[in-house]
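The values are calculated or read from the model by the stated rules, or taken from the named source; none is laboratory data. Since we're looking at a predicted model, the values are computed, not measured. All Cβ positions, glycine included, derive from the backbone under ideal geometry; neighbour counts span all protein chains shown. Accessible surface is based on the protein model in full, side chains and every heavy atom, while ligands, DNA and RNA are left aside. Shrake-Rupley method; radii C 1.70, N 1.55, O 1.52, S 1.80 Å.
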Amino acid sequence: MIKKITCCGYRGFAQEQTLELAVPNGKIGSGLTVLIGPNGGGKSTLVECFSKMSMNDPSFTEGKRNKLAGDRVKISITYSDGQETVLSSVETGGSETVRKNRLENYGIYYLPSRRVFNPYFSKSEWDRNTFLQNPEDPQFRGSLLNNFTYRLFDANKKGKDFNVIFWKILGKKLEWTIDQDDNRNYYVKIKKGDVIYHNSDGLGEGIVSLLFIVDAIFEAKDDELIVIDEPELSLHPQLQGRLLEEILELTKRVQVVISTHSPNMISIESAINGGVVARIYEKDNSSNISCIDECCREYFRSCFFNLNNPHTMGSDARSCFFAEDGYIITEGQEDVMLFPKILKELDIKENIPFFGFGAGGASNIDKIAHIFKCLGFAHIGAIFDGDKKDEYEDFIRKYENIGYKAWIIPADDVRDKPEVKKEAKLGLLDTNRKIKPQYKKDLIKMFKDILTYSQPHN
């Protein structure tokens, strides 16, 4: 299996960067590597590197070579047995490449984000191995992937197995076949109900995308790598969830890399079981790669089995992985709900990006900050209750050297809390959820400082 891929000089990768891939261990999601990050950070570029490594003699045109890297490209893959294959620019420079130690028996199934084929096509049938050994090299992102129509003929003959996955993800049966019109052009025919038919040209983008994705996974072998750029495109959130379930089951034994902008395509269980979450982002005029570590996995594990705070790493929290710098972590869900009300009462109109529904306690803020640190975020803040001075000072000692900041509110809690099972607390807000006058000046100063810090940083 592939242990890691290294890239330098291709598109935004001005500096050499390495991605360690997840390796299946029999547990659900253990072989899944998920690439996240902002637009333009380099996710699609990195998945394209896998595609280039699967080709016989790829060329790198002038606009795709990074000038800061000497106008030369070098991509290498290291396998679990220590072997390495390298694709690099020839010594004289320019578009042409030379390969060292190509491994012929390894297959990479690469799907770009724009998955489109000509709705009318000619007949040719390729098995999976032929398809993997003849990858397309589209000159531009969004080019038609017409070789895929050769796979459709094979999938059509194996419709029973193909449709088990196809229908499961769709959540319904959708009959399809390949037909031919009177001009001898082939097309995909979709049957709805008893008498309604659609041809290839009328297929929705989500259905077309699923045809590609299901073909990638339904005959996957243990010694292959499947790479899918933005599998969620044009798919309803429920379909995204069912697609992820299929991928998690597959990655018990097969390596899969996906690039995504959807929280629905991130699995905390996968990360716990050894899956990789890597953030690709721009820093110092180059795309950079940062990954979660074992401490992150331990925290995910504690959240995953926390019945009292199941929201801590829920979908609202997972959306933070796709955010810009400037997230502010709070202790709990009350803070996330009440701080915006405080801003409104103070007539502060700007929004502050709060983390999910809180950290689930002051002690968890440090753990969430560590996840952000591992993923390469440069500006992360935290707000502590006034009675959590020790945690506040620990946070500052641990993170101020990387530019993270913390604030402590001038009251023990965000609102007054009567004594029930715990000691009573006096908060910023009275029983009518109004700011106590003595705190307004300090709160205005604190939130103005937070807003200055949390604005997107270029």
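Just checking, which of Ile292, Ile268, Ile280, Ile247 is on the phi < 0 side of the Ramachandran plot, crowded, with 20+ Cβ neighbours inside 10 Å and touching a Cys at 6+ places or on another chain (Cβ under 6 Å)?
Answer to the selection: Ile292.
With the requirement that a residue be open to solvent by 30 Å² or more (accessible area, probe 1.4 Å) and in a loop (DSSP other than H, G, I, E, B), what does region 231-244 give you?
Residues satisfying the conditions are Leu233, Ser234, His236.
Being of a type in the set (A, V, I, L, M) and within 11 Å of Val256 (Cα to Cα) is the filter here, so list the residues in region 214-232 that pass it.
Step one: of region 214-232, the residues of a type in the set (A, V, I, L, M) are 214, 216-217, 220, 225-228.
Within region 214-232, Ala216, Ile217, Ala220, Leu225, Ile226, Val227, Ile228 qualify.
Collect the residues in region 300-320 that are outside any loop (DSSP other than H, G, I, E, B), modelled with pLDDT under 75, surrounded by 15 or more Cβ atoms within 10 Å (Cβ to Cβ) and not acidic (Asp, Glu), keeping them in residue-number order.
Selection gives Ala317, Arg318, Ser319, Cys320.
For region 117-184, which helices (runs of 4 or more DSSP H) that fit wholly inside it have 3 or more residues that are without any contact (Cβ under 8 Å) to a residue 60 or more places away in the chain, closer than 20 Å to Gly206 by Cβ and within 27 Å of the chain's Cα centre (by Cα)?
Working: elements: 128-133, 148-157, 159-170.
Passing ranges, in order: 159-170.
Run Lys388 past the list (1) over 23 Å from Lys436 (Cβ atoms); (2) in contact (Cβ under 8 Å) with a residue 40 or more places away in the chain; (3) open to solvent by 10 Å² or more (accessible area, probe 1.4 Å) and report the number of the one that doesn't hold.
(1)
Can you name every residue in region 251-265 that is over 12 Å from the mean Cα position of the chain (by Cα) and open to solvent by less than 20 Å² (accessible area, probe 1.4 Å)? Break it down into steps so the answer makes sense when it comes.
Restricting attention to region 251-265, the residues satisfying the condition of being over 12 Å from the mean Cα position of the chain (by Cα) are 251-256.
Scanning region 251-265 gives Thr251, Val254, Gln255, Val256.
Would region 66-77 turn up any residue that is touching a Leu at 6+ places or on another chain (Cβ under 9 Å) and either assigned to a loop (DSSP other than H, G, I, E, B) or modelled with pLDDT under 90 (or both)?
Within region 66-77, one or more residues are touching a Leu at 6+ places or on another chain (Cβ under 9 Å) and either assigned to a loop (DSSP other than H, G, I, E, B) or modelled with pLDDT under 90 (or both).
Please verify whether region 415-427 includes one or more residues that are open to solvent by 70 Å² or more (accessible area, probe 1.4 Å), basic (Lys, Arg), in contact (Cβ under 8 Å) with a residue 12 or more places away in the chain and not in a helix (DSSP H, G or I).
No, there is no match, as no residue in region 415-427 is open to solvent by 70 Å² or more (accessible area, probe 1.4 Å), basic (Lys, Arg), in contact (Cβ under 8 Å) with a residue 12 or more places away in the chain and not in a helix (DSSP H, G or I).
Say we look at region 339-364 and pick out the residues that are in a helix (DSSP H, G or I), buried (at least 20 other Cβ atoms within 10 Å of the Cβ) and modelled with pLDDT under 95; which of these is nearest to the chain's Cα centre (by Cα)? Lay out the reasoning, then the answer.
First, the residues of region 339-364 that are in a helix (DSSP H, G or I): 339-345, 362-364.
Cutting the leftovers down to buried (at least 20 other Cβ atoms within 10 Å of the Cβ) gives us 339, 342, 362, 364.
Then drop every residue that is not modelled with pLDDT under 95, which leaves 362, 364.
Working: Ala362: 27, Asn364: 23 Å.
Top of the filtered list is Asn364.
Is one or more of the residues making up region 92-104 in a loop (DSSP other than H, G, I, E, B) and touching a Phe, Trp or Tyr at 6+ places or on another chain (Cβ under 8 Å)?
Yes: region 92-104 contains one or more residues that are in a loop (DSSP other than H, G, I, E, B) and touching a Phe, Trp or Tyr at 6+ places or on another chain (Cβ under 8 Å).
Identify the residue in region 77-110 that is touching a Pro at 6+ places or on another chain (Cβ under 8 Å) and among the aliphatic types (A, V, I, L, M) and, among all such residues, is nearest to Glu224 (Cα to Cα).
Looking at residues that are touching a Pro at 6+ places or on another chain (Cβ under 8 Å) and among the aliphatic types (A, V, I, L, M), I get Ile108.
Examine region 427-450 for a residue that is in contact with a Ser or Thr (Cβ under 8 Å, 6 or more places away or on another chain) and of a type outside the set (A, V, I, L, M), and state whether such a residue exists.
There is no residue in region 427-450 that is in contact with a Ser or Thr (Cβ under 8 Å, 6 or more places away or on another chain) and of a type outside the set (A, V, I, L, M).
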